[in-house]
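Inspection log for the structure reproduced underneath, given as structure tokens.
No lab work stands behind these numbers, since they all come straight from the coordinates. Just so it is clear, the model here is predicted, and its values are computed rather than measured. Virtual Cβ from ideal backbone geometry, glycine too; neighbours counted across all protein chains shown.
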Amino acid sequence: MTLVTLIIRNVHRQVLRVTLTVLGIATIILAFNLIITTVRAWYAGVEAAAPNRLITRHAASLSIHLPLSYRDRLAAIDGITGVTFANWFGGVYRDAKGFFPQFAVDPESFLDLHPELMLDPDERRDFLSDRRGCLIGRRLADLYGWRVGDVIPLKGTLYPGDWEFIVRGIYRGAEPSTDENWMLIRWDSVNERRRQFDPDRADTVGWYVLRIADSSTAGALSRAVDDTFANSVAETRTETEQAFQAGFVAMSGSIVRALELLAVVLNGVTLLVLANTLVMAVRERTREWAVLRTLGFERRHLAALITGEALLIAALGSIMGIAMTIPAIDLYATLVSTKLGNFFQQLVVYPSTLVLGALATLITACCAAVIPLVTALRSNVADDLRHIG
Amino acid sequence: MVIIQSVIECCHVTKSYVRGDQEIPVLRNFNLSVPNGQFLAIMGPSGSGKTTILNLIAGLDRPVDGTIRVAGTEVSRQRETELARWRARHIGFVFQFYNLIPVLTAAENVELPLLLSSLSKSERAKRVRAALELVGLGDRLHHYPRQLSGGQEQRVGIARAIVGDPTILLADEPTGNLDREAAEAVMTLLRRLHRELGKTIVMVTHDPFVADYAETVLHVDKGKGSSR
Ligand SMILES: Nc1ncnc2c1ncn2[C@@H]1O[C@H](COP(=O)(O)OP(=O)(O)OP(=O)(O)O)[C@@H](O)[C@H]1O
Ligand SMILES: [Mg+2]
């Protein structure tokens, strides 16, 4: 026998109470893991941004376009090794729920600047040679069951009318964080229609993507770009792709912040649930602690016994919580992606999330043990032995 | 030549409890000297301070005044942690209500004090078995307290008290909860421990029949001791 034997037996005394506590902790861990997974999915989009790309857009608003003529002037700036551009197409598939990002891009330069979109060479060639062609990400293809050769009908919003695009390729992300929900269509084909029906707004682009030779010069180059177009018809605002993406989700970012706070609050709930169980368990055994001390057990032994009990309950809860998280996350992902479109592209549980949840719970358990421990240590042995219990 | 050495020495001990603004005196100028190897019974009316005396000797409580020397250590001056270690080495305590840990078997209960020592697992098992055989429970090693009779539980309690081979055995009404027959078995056992192993035993009891097993009887009344 060791002290661990006694800890295990002690936990086993009140099976129902401990089971309820363990289930409570497991549920809290499940919630914690779902929240952290959501938050991390959110940041994955920001993290996926390449450090060597800048985004140049209209200084006033993303919805005001820039002239196409800026392309050559941007390319001429020292340190910029590539320029491409894109427009938000904003088409609707079937109904408003069928939302996914569609970009009208300059095919060759866009693929050139985004090597993380991995594509079969044949599919790439087909896309470049078909003005009605499009590329879609693998997750998007899976979601709607689209395959190469399928026709995707879209109802235009910014570009009025009915559109049809033929899937010429399905790209895969080079990194797990690469967004596989994009649809890329050809800027030249949408611009052509614009020239006919809306000539004033033709030959404009939503934003430019710049590739820079050295990511450490991003700040200086951004200023250089914006200085170039200062006092011209369309002033620009240039920032790293990362900053652009972060800004893009800025408003929802405060929701993310709230979720993070919630995750911390959950640990407070664990603290209370566990402390409650421990205080009861320790108080019921007041006399036994006194007996142990009579036998020569020191404060540190009692500390080990009580903290050990807290840790054991917390560990059981953690294991059960993790076991619940793995199937639950699939359910959650289905729920979230049908309700929110493909906004969260990355609802995967990282092992580090599970470790974080378990670790936070174990640390919380040590804190929860302090309250009953102090009571047990302060107690007077002689008095406790008098009480018949 | 036999050198008689006091293993327990209480000099001018005063103990009182404070409850609210009222001071309840329990022991006043209490003196006690127990030679090594003595079997002493303490008798007295309820509330006379018998349990208090045992608690003071075991270092579970502190006197208001006076000194208490036990097994060469000035108990009243020790710090909590040192006292715990000292107690593990020198004191075996037998309780009226046995105070076994209900979730541990007889053998595990007896092993508890040995967990504080550096003994190996097999050495511990050997001593546990020896202690339980000594109290006549060699066949009850894996019984839980609820599967034992009161007399058997008390004998497990005695095995737990002696397994670490302490200098002194303190027993607070060890037969208080037992019928005559079980009490006799327990007392015979204590007398054997005293006679055969030379243990110093201080026992508190109400029962003159039980006190008869001791060599010496001390009557206390409000802290005034008188030996017979
Ligand atoms: N913590 C305490 N606070 C106040 N008074 C106490 C406390 N502990 C003991 N007393 C009082 O001290 C006196 C002596 O108590 P003690 O338990 O030593 O008596 P006892 O001789 O063992 O009695 P009994 O035979 O009933 O066990 C009693 O009057 C008791 O009420
Ligand atoms: Mg008493």
Worksheet item: Among A:301, B:142, what is the fewest-to-most ranking by other Cβ atoms within 10 Å?
Response: B:142, A:301
Practice prompt. For helix B:121-134, report the angle its Cα long axis makes with the longest principal axis of the Cα atoms of chain B; keep it between 0 and 90° and round to the nearest 10°.
Written response: 80
Item to complete: Can you figure out the FRET efficiency of residue B:179 with residue A:366, using R₀ = 35 Å and their beta-carbon distance, to the nearest 0.05?
Response: 0.15
Worksheet item: What is the helix-to-structure angle for B:150-162, meaning the angle in degrees between its Cα long axis and the longest Cα principal axis of chain B, kept from 0 to 90 and rounded to the nearest 10?
Response: 80
Fill in: Whether the range B:67-192 is rounded, prolate or oblate, judged on the alpha carbon gyration tensor where a/c under 1.5 counts as rounded
oblate
Item to complete: Indicate the gyration tensor shape class of chain A (rounded, prolate or oblate), computed on the Cα atoms with a ≥ b ≥ c the square roots of the eigenvalues: a/c under 1.5 is rounded; otherwise a/b larger than b/c is prolate and the rest oblate.
Response: prolate
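In chain A, which longest range has no GluC sites (Glu not before Pro) that are both DSSP loop (not H, G, I, E or B) and surrounded by at most 16 other Cβ atoms within 10 Å?
Of all site-free stretches, the longest is A:236-389.
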Discussion item. Quick check: the distance between the Cα centres of the range A:348-369 and the range A:119-158, to the nearest angstrom?
Written reply: 43
Practice prompt. Straight distance only, please: which aspartates and glutamates reach the Cα of residue A:155 with their own Cα at less than 16 Å, same-chain residues fewer than 8 apart left out?
Written response: A:95, A:164
Worksheet item: Size of the dipole of the protein assembly as shown about the Cα centre, Lys and Arg at +1 and Asp and Glu at -1 on the beta carbon, nothing else charged, in debye to 20?
Response: 2120
Worksheet, complete the sentence: From DSSP H assignment alone, runs of 4+ in chain B each adding -39500 (n - 2.57), the sum over residues rounded to the nearest 500 puts [θ] at 222 nm at -9500 deg cm²/dmol
Worksheet item: When you look at the Cβ of every residue in A:373-382, what mean number of other chain Cβ atoms sits within 10 Å?
Response: 2
Worksheet item: Over 31 Å between Cα atoms, which of B:15/B:121; B:121/B:199; B:50/B:199; B:15/B:199 qualify?
Response: B:15/B:121
Worksheet item: Once the Cβ-Cβ distance between residue A:99 and residue A:73 is put in as r, and R0 is 35 Å, what FRET efficiency do you end up with, to the nearest 0.05?
Response: 0.55
Worksheet entry | For the protein assembly as shown, with +1 on Lys and Arg beta carbons and -1 on Asp and Glu, the positive-most of B:101, B:177, A:373 along the dipole | B:177
Item to complete: Give the shape of the range A:53-213 as rounded, prolate or oblate, defined through the alpha-carbon gyration tensor: a ≥ b ≥ c are the square roots of its eigenvalues, a/c under 1.5 means rounded, and otherwise the shape is prolate if a/b is larger than b/c and oblate if not.
Response: oblate
Worksheet item: By count of other Cβ within 10 Å, fewest leading, how are A:177, A:63 ordered?
Response: A:63, A:177
Item to complete: For chain A, set up a Gaussian network in which alpha carbons nearer than 10 Å are linked by springs, and say which option among A:206, A:82, A:156 fluctuates the most.
Response: A:156
Worksheet item: Membrane-span-like helices in chain A: DSSP H runs reaching 27 Å or more (Cα, own axis), mean Kyte hydropathy at least -1.0?
Response: A:15-47, A:250-284, A:299-339, A:351-378
Worksheet item: Across the residues of B:83-91, average count of Cβ atoms on other protein chains within 10 Å?
Response: 4
Practice prompt. List the residues whose amide H sits under 5 Å from the amide H of residue B:143, counting only those 5 or more places along or on another chain, with H placed 1.01 Å from N in the peptide plane.
Written response: B:106, B:107
Response to the item:
Between residue A:348 and residue B:221, the two model label points (7 Å from Cα along the beta-carbon direction) sit apart by a distance in nm of 8.7
Worksheet item: Treating the beta-carbon of each Lys and Arg as +1 and of each Asp and Glu as -1, no other charges, what is the dipole magnitude of the range A:53-213 about its Cα centre, to the nearest 20 debye?
Response: 300
Worksheet item: Rounded to the nearest 500, what is chain A's calculated 222 nm mean residue ellipticity when only DSSP H runs of at least 4 contribute -39500 (n - 2.57) each, over all residues?
Response: -19000 deg cm²/dmol
Item to complete: Ignore the peptide's own chain and count Cβ atoms of other chains within 10 Å of each Cβ in A:1-9; give me the average, rounded.
Response: 4
Discussion item. Just to confirm my numbers, what's the Cα centroid distance between the range A:1-44 and the range B:37-70 in Å?
Written reply: 47
Discussion item. Can you find, among A:215, B:198, A:77, the residue sitting farthest towards the positive end of the charge dipole of the protein assembly as shown, where Lys and Arg contribute +1 and Asp and Glu -1 at Cβ?
Written reply: B:198
Worksheet entry | Nitroxide proxy distance, nm - points 7 Å out along Cα→Cβ at residue B:64 and residue A:147 | 9.7
Fill in: Magnitude of the charge dipole, the range A:132-178, Cβ model with Lys/Arg +1 and Asp/Glu -1, debye to 20
100
